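*Asks:* Dumping the structure here so I can ask a few things about it.
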Amino acid sequence: MTNEVTLTIDGKQVTVPEGTLVVDAAKKIGIDIPVFCYHPKMEPVGMCRMCLVDIGRPVRDRDSGEIVLEEDGSPKIQFGWKLDTACTVPVSEGMVVEGMTEKVQQGRQEIVELLLTSHPLDCPICDKGGECPLQNLTMAHGPGESRFIYDDKINFEKNVPLGDLIWLDRERCIQCARCIRFQEEIVDDAVLEFFNRGRATDIITNSEPGFDSYWSGNTTDICPVGALTTADFRFSARPWELKNAASICSHCPVGCNMTYNTRREAKSGGDIVIKRAMPLQNEWVNELWICDKGRFAYHFSDSEARLTQPLIRKDGKLTPTSWEEALALVADQFKNAGEGLLTLVSGRLPNEDLFNLRKLTEGLGGKSGLHSYMAGGDLVAQVGLGAGSNLADLGEGDAIVVIACDLEEEAPVWWLRVKAAAERGAKLIVANPRPTKLERYATEIIRYAYGEEVEAVERVAPLSEADNLVVFFGSEGIGLETSEALAQACANLVAELGRVGQPNNGLVGVWPRANTQGAWDIGFRPGFDLAEAKVVYIAGADPVGDDPALAETIMQADFVVVQELFLTETAELADVVLPAQAQTEREGTFTSGERRVQRFYPVVQPRGEARPDFDIAAQIGAKVGLALKGRFPSLVNPELCAETPGYEGLTYQRLAEVSDQWPIVGRGDLYYGGTGYENKQGLGVQLAPSGGYKVSKVSRQDIEKPDGEVIAVPITLLYDRGGMISPSEVLHPRLPEPFILVNPQDSKLLKTTDGMVVGISINDGETSNVVVWEDERIPAGTALVPRSMGVAINRPSTFEIRIAEAAAA
């Protein structure tokens, strides 16, 4: 147990753990000590001196060591001759801290005055105006007048692109180093640094491309001035004009909590539009951070390519029609389909949509399927993380296994939190065929050949001495069949330790979609036979885009309905296309990979005539004689929770509950934790695993590799060219052209050279203009092909290279 210390700050007594910094102790009792450089998630540096306080300590007798008492029996307190920085001084027993004395106020005033000597007076046009710590602290602590001559100010460049996403105003920078330290300490991307000295000190980027990090947007949240701004928000709105709505990121299984800032504006025809995405604090999920994909890839919701009205096929062409006509046609085809109906979904859909789609399908006697290249969601439901788990609690004595997963690419915030756990002393075992960034922190690295995932799990040394064990499994280089075997092997590893159901123990699937685990929980499974279906109902999935070989199969069906945001490759083949609402246009719930059910809220108005998927299913149900709840997700959710194992007792009210979090952040105090949002809308509920899993022998699924051939294996990148990220033009400079990675040895075998542009044929799909990049770290005999990057691949496959005459020459 940590020893506790009692001290007095501005007349208030507080008891905190030993080692707590004075600034944090003050925060716990509602006393705000002003800071610029200090941030509660980073190591203190005491650079800005804004947190000056007067600190007194009990006087001890030099001979006896006993505390000297005043006449009234209270300890005699001796204050230092100088002020101290509250962000660097740990508390001690009996300490007395004064922050409101004239001496302290004078010291803080001088610091503000000094900062303003080299700061531009451009608050009226500064993006930070209205949420600026320097502005606020100048009003609270600064002098009414400056003693310095305005003409003596040094001018610097004001519009400097540090990269594609972040801009720097060099005049506004106060050299607090928060951005530099965040990149070094928190995310280990040391791509920023100071340059020059004295008044000429500047922030520069040392990477190519500039500010090359998945986390750059967070630096704008913690910047205490308007020095750093994002490319898609700068000069587009003022903070006081913005409304906010809580949401959940829909791009990966972490379930990061977010706040969307919105504004009604004339240039959008009077519509309410999203102006930016900001982190929403949830210390059990994403803490105070979000990755740049989550921050910038929200533009799919307002894309001009969105479907806005139903389409039906007439004379071979998809033609706009009314909802009534479209639903009547769909109902007429569905009601007699029986077992010939297949409903195919993806983990992109919220729980309420998935539930209604399953109920509709069951009511009609049809079958349902999950479009996914990963298996194991049923096992995660049995041996997943115990309720009350928090990756932030893992450290010395605990063990984490990450296998078949490039965690920063597949689930960035989990990478961040696993890295932090390793730095706290947790044993980290990383198993992967190729090096990944997570290996920097690994205690043990297991290298295996693609196709030997199960053997790699079995090579993990016994972990019986670990206090807690968390196992992450991903989809590196594998397809559905191998994924099933890998998940079983990982479940065995967890179950053998005998701690299933305990907090901070369990299995986590690094799913390709935000709600894949929810789809498994509600009853959807992969492994369907599309060829047997006569009537196909596809919602939130693009099987043809992922596997062109399925196009012919889908066209052989008697009737195809696609429910989507965009006219995808699958939708182009449909008989009826129904426009669905985006997540930002309605409310609902997602279940994260940690099996935390979280609620998101409406942000903007729906586009055109688009309707939510759960309501479309309910309207079809009404026309075929099935009573399904529609209109509001809050009507669907009670039935969902009542019928879904493990969800019993969940309500929207429980999901909206909040509790105290540390650090304490909020919009009322912008200088301490940054401009992220305090969570008032709900922290979600983590489900308990069902248990009942029995360790069993794993059936291996090896990759068939003909002698002398190179096999293409799929990998996942954070920035791909999928339909949910491509509409965000601000990210386009970071989206690579289609490419494959090969070992130089295999490049010679394929008769290619580094940087050569070729054509590739995989799984009946052909892609032109694919760049071949050589990389010695790639295992020989394999070519790494990123998913959703233009080359269709969902499992290890043979492939052919076509070399254009110009390239060959």
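The values are calculated or read from the model by the stated rules, or taken from the named source; none is laboratory data. Fair warning: this is a prediction, and the values are worked out from it, not measured in the lab. A quick note on method: Cβ atoms are made from the backbone with ideal geometry, for glycine too, and the neighbour counts reach across all protein chains shown. Note: areas computed on protein heavy atoms with side chains; ligands, DNA, RNA excluded. Shrake-Rupley method; radii C 1.70, N 1.55, O 1.52, S 1.80 Å.
*Asks:* What are the pairs with Cβ atoms under 6 angstrom where one residue, in segment 73-93, is of a type in the set (S, T, N, Q) and the other, located anywhere, is in a loop (DSSP other than H, G, I, E, B) and open to solvent by less than 70 Å² (accessible area, probe 1.4 Å)? Sequence gap at least six, or different chains.
*Replies:* Filtered contacts from segment 73-93: 78/59; 85/46; 85/51; 88/44; 88/46.
*Asks:* Another question, if that's okay. Given the structure, is residue 596 under 30 Å from residue 402 (Cα atoms), open to solvent by 10 Å² or more (accessible area, probe 1.4 Å) and in contact (Cβ under 8 Å) with a residue 60 or more places away in the chain?
*Replies:* So residue 596 passes the test.
*Asks:* Checking the structure you have, find out if any residue of segment 662-685 is in contact (Cβ under 8 Å) with a residue 60 or more places away in the chain, buried (at least 20 other Cβ atoms within 10 Å of the Cβ), in a loop (DSSP other than H, G, I, E, B) and of a type in the set (A, V, I, L, M, F, W, C).
*Replies:* Yes, segment 662-685 contains at least one residue that is in contact (Cβ under 8 Å) with a residue 60 or more places away in the chain, buried (at least 20 other Cβ atoms within 10 Å of the Cβ), in a loop (DSSP other than H, G, I, E, B) and of a type in the set (A, V, I, L, M, F, W, C).
*Asks:* Residue 712 is checked against (1) open to solvent by 30 Å² or more (accessible area, probe 1.4 Å); (2) farther than 30 Å from residue 242 by Cβ and fails just one. What number does that condition carry?
*Replies:* Here residue 712 meets the rest and fails (1).
*Asks:* Out of 430, 418, 413, which single residue is in contact with a helix residue (DSSP H, G or I) (Cβ under 6 Å, 6 or more places away or on another chain) and not small (Gly, Ala, Ser)?
*Replies:* After ruling out the rest, the residue left standing is 430.
*Asks:* Within segment 364-390, track down each residue that is in contact with an Asp or Glu (Cβ under 8 Å, 6 or more places away or on another chain), open to solvent by less than 10 Å² (accessible area, probe 1.4 Å) and under 25 Å from residue 716 (Cα atoms).
*Replies:* 375, 376, 377, 384, 385
*Asks:* Go through segment 730-756 residue by residue and tally those that are hydroxyl-bearing (Ser, Thr, Tyr) and either part of a loop (DSSP other than H, G, I, E, B) or open to solvent by 30 Å² or more (accessible area, probe 1.4 Å) (or both).
*Replies:* Within segment 730-756, residues that are hydroxyl-bearing (Ser, Thr, Tyr) and either part of a loop (DSSP other than H, G, I, E, B) or open to solvent by 30 Å² or more (accessible area, probe 1.4 Å) (or both) number 2.
*Asks:* Looking at segment 490-577, what strands (runs of 3 or more DSSP E) fall wholly within it and have at least 3 residues that are over 30 Å from residue 596 (Cα atoms)?
*Replies:* Correct list: 559-564.
*Asks:* Within segment 470-477, is there a residue that is open to solvent by 40 Å² or more (accessible area, probe 1.4 Å) and under 26 Å from residue 406 (Cβ atoms)?
*Replies:* Within segment 470-477 (the criterion being open to solvent by 40 Å² or more (accessible area, probe 1.4 Å) and under 26 Å from residue 406 (Cβ atoms)), the answer is no, since none of the residues qualifies.
Here is a yes/no grid of residues against (1) in contact (Cβ under 8 Å) with a residue 60 or more places away in the chain; (2) within 27 Å of residue 793 (Cα to Cα); (3) over 20 Å from the mean Cα position of the chain (by Cα); (4) in a helix (DSSP H, G or I):
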{"residue": "348", "(1), (2), (3), (4)": "yes, yes, no, no"}
{"residue": "354", "(1), (2), (3), (4)": "yes, yes, yes, yes"}
{"residue": "378", "(1), (2), (3), (4)": "yes, yes, yes, yes"}
{"residue": "382", "(1), (2), (3), (4)": "yes, no, yes, yes"}
{"residue": "402", "(1), (2), (3), (4)": "yes, yes, no, no"}
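*Asks:* Could we say that residue 658 is β-branched (Val, Ile, Thr) and under 30 Å from residue 33 (Cβ atoms) here?
*Replies:* Here the answer is yes, as residue 658 does meet what is asked.
*Asks:* Take segment 137-174 and flag every residue that is open to solvent by 70 Å² or more (accessible area, probe 1.4 Å) and among the polar types (S, T, N, Q).
*Replies:* 146, 155, 159
*Asks:* Further question on the same structure: Output the number of residues of segment 294-320 satisfying the condition of being out of contact with any Ser or Thr (no Cβ under 6 Å at 6 or more places or on another chain) and either outside any strand (DSSP E or B) or open to solvent by less than 50 Å² (accessible area, probe 1.4 Å) (or both).
*Replies:* 17
*Asks:* Scan segment 436-472 for residues that are over 20 Å from residue 779 (Cα atoms) and touching a residue at least 60 places away in the same chain (Cβ under 8 Å) and report the count.
*Replies:* The number of residues fulfilling the criteria is 8.
*Asks:* Return yes or no: is residue 529 among the charged types (D, E, K, R), open to solvent by 10 Å² or more (accessible area, probe 1.4 Å) and not assigned by TED's automatic domain parsing to the domain that holds residue 349?
*Replies:* Criteria not met by residue 529.
*Asks:* Working carefully through the options 721, 700, find the one that is over 18 Å from the mean Cα position of the chain (by Cα) and modelled with pLDDT under 95.
*Replies:* 700
*Asks:* Residues in segment 690-706: is at least one under 30 Å from residue 654 (Cα atoms), surrounded by 14 or more Cβ atoms within 10 Å (Cβ to Cβ), in contact with a Pro (Cβ under 7 Å, 6 or more places away or on another chain) and touching a residue at least 24 places away in the same chain (Cβ under 8 Å)?
*Replies:* Within segment 690-706, one or more residues are under 30 Å from residue 654 (Cα atoms), surrounded by 14 or more Cβ atoms within 10 Å (Cβ to Cβ), in contact with a Pro (Cβ under 7 Å, 6 or more places away or on another chain) and touching a residue at least 24 places away in the same chain (Cβ under 8 Å).
*Asks:* Ok, one more. Name every residue in segment 437-452 that is open to solvent by less than 20 Å² (accessible area, probe 1.4 Å) and modelled with pLDDT of 95 or more, in order of residue number.
*Replies:* Listed by number, the residues that qualify are 438, 446, 448.
*Asks:* Which one is surrounded by the most Cβ atoms within 10 Å (Cβ to Cβ), of the residues in segment 2-47 that are part of a strand (DSSP E or B) and without any contact (Cβ under 8 Å) to a residue 60 or more places away in the chain?
*Replies:* So the residue we want is 14.
*Asks:* Only one of 385, 364, 391 is outside the structural domain of residue 502 (by TED's automatic domain parsing) and of a type in the set (A, V, I, L, M, F, W, C). Can you tell me which?
*Replies:* 364
*Asks:* Then there is this: Across segment 48-70, what is the number of residues that are in contact (Cβ under 8 Å) with a residue 40 or more places away in the chain and under 11 Å from residue 86 (Cα atoms)?
*Replies:* Number satisfying all stated conditions: 6.
*Asks:* Same structure, new question: Within segment 209-267, work out how many residues are of a type outside the set (Ser, Thr, Tyr) and either closer than 26 Å to residue 124 by Cβ or part of a helix (DSSP H, G or I) (or both).
*Replies:* So the count comes out to 29.
*Asks:* I'd like to verify a number: residues in segment 627-654 that are over 22 Å from residue 601 (Cβ atoms), open to solvent by less than 80 Å² (accessible area, probe 1.4 Å) and modelled with pLDDT under 95, how many?
*Replies:* Number satisfying all stated conditions: 0.
*Asks:* Evaluate the following for residue 147: is it at negative phi and either in contact (Cβ under 8 Å) with a residue 40 or more places away in the chain or touching a Gly at 6+ places or on another chain (Cβ under 7 Å) (or both)?
*Replies:* So residue 147 does not fit the description; no.
*Asks:* For segment 757-766, check the following and say yes or no: at least one residue is open to solvent by 20 Å² or more (accessible area, probe 1.4 Å), in contact with an Asp or Glu (Cβ under 8 Å, 6 or more places away or on another chain), closer than 25 Å to residue 544 by Cβ and not in a loop (DSSP other than H, G, I, E, B).
*Replies:* Scanning segment 757-766, I find at least one residue that is open to solvent by 20 Å² or more (accessible area, probe 1.4 Å), in contact with an Asp or Glu (Cβ under 8 Å, 6 or more places away or on another chain), closer than 25 Å to residue 544 by Cβ and not in a loop (DSSP other than H, G, I, E, B), so the answer is yes.
*Asks:* Pairs needed: first member in segment 714-738, within 24 Å of residue 781 (Cα to Cα); second member anywhere, open to solvent by 40 Å² or more (accessible area, probe 1.4 Å) and aromatic (Phe, Trp, Tyr); C-beta distance under 9 Å; at least 6 residues apart or different chains.
*Replies:* Going by the 9 Å Cβ cut-off, the qualifying pairs are 714/373.
*Asks:* Take residues that are of a type outside the set (Val, Ile, Thr) and tell me which of the strands (runs of 3 or more DSSP E) falling wholly in segment 50-169 contain 3 or more.
*Replies:* Passing ranges, in order: 52-58.
*Asks:* Let me ask you something else. Tally up the residues in segment 269-293 that are in contact (Cβ under 8 Å) with a residue 12 or more places away in the chain and either open to solvent by 30 Å² or more (accessible area, probe 1.4 Å) or outside any loop (DSSP other than H, G, I, E, B) (or both), please.
*Replies:* Looking only at that region, the number is 15.
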